[in-house]
Amino acid sequence: MLNLLLQLSPRRPVVRVETIERRDFDDQRLRELHALSNALMAERFEHFCVHARTNDVVHVFRRADTRAIVGFQFWKTARLGLPRSRAIVGGKLRISPDFRTRGLHLSSGLLSMTRAVARKLLRKATPG
């Protein structure tokens, strides 16, 4: 759904979002994200990986035409002091300067929230 909304944007080039779960954070994917991050703010790959792997998911924004990464944001959930409650915590955010006025971080936040709500509904619907 979010990709459809991004496609309808009058801004060009069109951007698409890809969600990657922590279990799929391999070195190749993390190196690709690190390349953008390091170009914007110098950071050793090992340090980048330590922080990346503390998160549950990353939303990767790519140009639809070239598939080049133009941004990403990591997310995780944390326990709250309330029953059956968790907080959604935004992690490392990097957006290429040419794509910063598109609200991609807001799209990523909405996607994280809908993901958390969907997981909660699935847990309620699953017997046992």
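Using 0.36 nm per residue of separation minus the Cα-Cα distance, give me the extension gain between Glu46 and Met113 in nm, one decimal. Present the calculation step by step, with values, prior to reporting the outcome.
Details: separation 67, 0.36 × 67 = 24.12 nm, distance 2.89 nm.
In short, 21.2 nm is gained.
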Check Ser96: other-chain or 5+ apart residues with amide H under 5 Å from its amide H, H built from backbone geometry?
Gly71
With 0.36 nm assigned to each residue of separation and the Cα-Cα distance removed, Arg100 to Ile88 gains 2.1 nm
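The numbers here are math on the coordinates, done by the rules we state, and not lab data. Everything quoted here is computed from the prediction, not taken from an experiment.
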